[in-house]
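Inspection log for the structure reproduced underneath, given as structure tokens.
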Amino acid sequence: MLLKKVDPRALKDNPDRSRRTKSTPQADALLLATIKLVGILQPPVVVPESGGGNGYRIEFGHRRVKQAIAAGLDEIEVLEVEASDDHGAMRSMIENVAQEPLNPVDQWRGIERLVVLGWTEEAIAAALGLALRRVRQLRLLGSVLPAMLDHIAKGDMPNEQQLRTIAAAPVDDQKEVWKKYKPSKDDPKVTWWNVSNALTKTRMYAKHASFDDELTRAYGIEWVEDLFGPADEDGRYTTNVEAYLGAQQEWMTHHLPKRGVIAEVNSWGEPVLPPKAERVYGKAGKSDRVAMYLDRNGTVQSVGYRMPTSKKAQSGGASVADDAAETPRSRPDVTRRGIGMIGDFRTDALHEALSRAPIASDTLLALLVLALAGRNITIASGASDDVYGFARMDRHAVRLIGPDGKLGFDKETLQQAARGALIEVLSCRENRSDSGIVARIAGEAIGADAFLPNMGIEEFLSCLSRPALEGSCTDTSVLPRPRVKDTRAALVAHFAEGRFVHPSALFAPDAAALANWLAKHEAVPEDEQDEPATDPQDSDVGSEPQGDEGDDAEPLREAA
């Protein structure tokens, strides 16, 4: 490396230099003023011209040479170096990046030149101190419309996702969109979101596909690798949405469960169930049905639902809910849809507790008495054969009958039959199968709260009002956000690995409703108050007073 003095006018420009975008007049004026005041602080680097000539070619420092000429300098100092095999491509890139970062377009051009000269993306990233992802992102500019590149060179660049969308679009499409959204004198900035949105093509990912390779070939689907996706995930996708959805639809047709249906979705992405169908949010029962549908990502989803059973006319007239409360005028903490979900959750937890939780024999007997008092129980006697709701109870009764046609069972069989009968009878669902307050009393008695699922999910939390949602942040590290959906998302993330049960879902009934129910059913009818006492001599009970019979019923009420 030699330091020489030469006439700046004798130096020749490098036609293959890294920085091609013109500098701003303000930057040139500042550099010119600096050279006039203190001279050139860092000599430009030059190499001898090829072919044995006496001239020099500028390796880097073109702006300094140009402004030295403008300043009227007859001689400047330069550093003479040997020419490199890559024509100074890497040295030029490093020098420009170190002094003043090249704009993205010039960086891309320099990277492409290095690639042509045999540099790998990994080597370029290491030499320039850039992330490999950034190098690959800049290379996307090679697929961008030149008119857009001119604007990007001025420092207004889209973000990575927008750039990927633009680069993936055909050039003709880019031209049409750029005509509409290119900058104007009044608004020199470009709204890149509008540009990328106009060029967006829906992507359907292989990781969401249920169909196999055979259907992939049958529908002519070709997967494209997403180079910028996470390395540990399947990033393959296709923009052939019609073929993708057709393959998913055929897969659903071949894998549809018995009595299942393929449902359409509404504008919110929710499945449209058959008329009068009730969605099941808990475990689907044997009599429940399944609806399969495609969500907005093209993923096959399924939901359980049940159809209402036609209720036979009851001679006793319409039943009245024992624990019904007056509908509040203000917005409730939980919507009707949320209450329906709570009913499903409670029923599943109650049935799980009846199957697995330890239950004492006296408690089990008390529960059977409670179950027979449920709102969903119909008992018919005499000539009527209306035994609505008891058809499934037969299988539990059969277990208690011995080979001789008489009652014959052991304690374990009795326990299992009693549990099964309670599962058939007790329900907290928001429909005609609701047992009412007795099911909640039973659930609290056997600790069914422990079997409730995690309710800290998007589907349930969306049913809560703002005050109820913010109240759910208590005893957590989550702070309420200005927007409800941000608070909800934070709670979903917080409870993803934990468990959250909304207080309104607990089995313990409201004290006022319980007191009202007890008072209503403990009252003695007026037509029985004046009934004469039974003569002890006509009774098989003996001389024991009739009033003592109430003492045997008291422990059952306390157990409940």
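Out of Lys180, Lys185, which single residue is more than 30 Å from His255 (Cα to Cα), more than 28 Å from the chain's Cα centre (by Cα) and not in a helix (DSSP H, G or I)?
Numbers: Lys180 fails: not in a helix (DSSP H, G or I).
Result: Lys185 is the single residue among Lys180, Lys185 that is more than 30 Å from His255 (Cα to Cα), more than 28 Å from the chain's Cα centre (by Cα) and not in a helix (DSSP H, G or I).
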Only one of Glu242, Glu278 is loosely packed, with under 14 Cβ neighbours inside 10 Å and not aliphatic (A, V, I, L, M). Can you tell me which?
Glu242
When the residues of segment 471-515 are filtered to those that are charged (D, E, K, R) and over 20 Å from the mean Cα position of the chain (by Cα), which remaining residue is surrounded by the most Cβ atoms within 10 Å (Cβ to Cβ)?
Asp510
Take segment 63-89 and flag every residue that is under 28 Å from Leu114 (Cα atoms), modelled with pLDDT of 80 or more, in contact with a Lys or Arg (Cβ under 7 Å, 6 or more places away or on another chain) and surrounded by fewer than 19 Cβ atoms within 10 Å (Cβ to Cβ).
Glu80
Would you please name the residue that is farthest from Arg217 (Cα to Cα), looking only at residues in segment 243-262 that are in a loop (DSSP other than H, G, I, E, B) and of a type outside the set (A, V, I, L, M, F, W, C)?
Arg259
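Being of a type in the set (S, T, N, Q), over 23 Å from Gln107 (Cβ atoms) and in contact with a Phe, Trp or Tyr (Cβ under 9 Å, 6 or more places away or on another chain) is the filter here; which residues of segment 155-201 pass it?
If the condition is that a residue be of a type in the set (S, T, N, Q), over 23 Å from Gln107 (Cβ atoms) and in contact with a Phe, Trp or Tyr (Cβ under 9 Å, 6 or more places away or on another chain), then Thr191, Asn194 are the ones that fit.
The values are calculated or read from the model by the stated rules, or taken from the named source; none is laboratory data. Keep in mind that what you see is a predicted model, and the values were worked out from it rather than measured. Glycine gets a Cβ as well: all are built from the backbone with ideal geometry, and neighbour counts include every protein chain shown.
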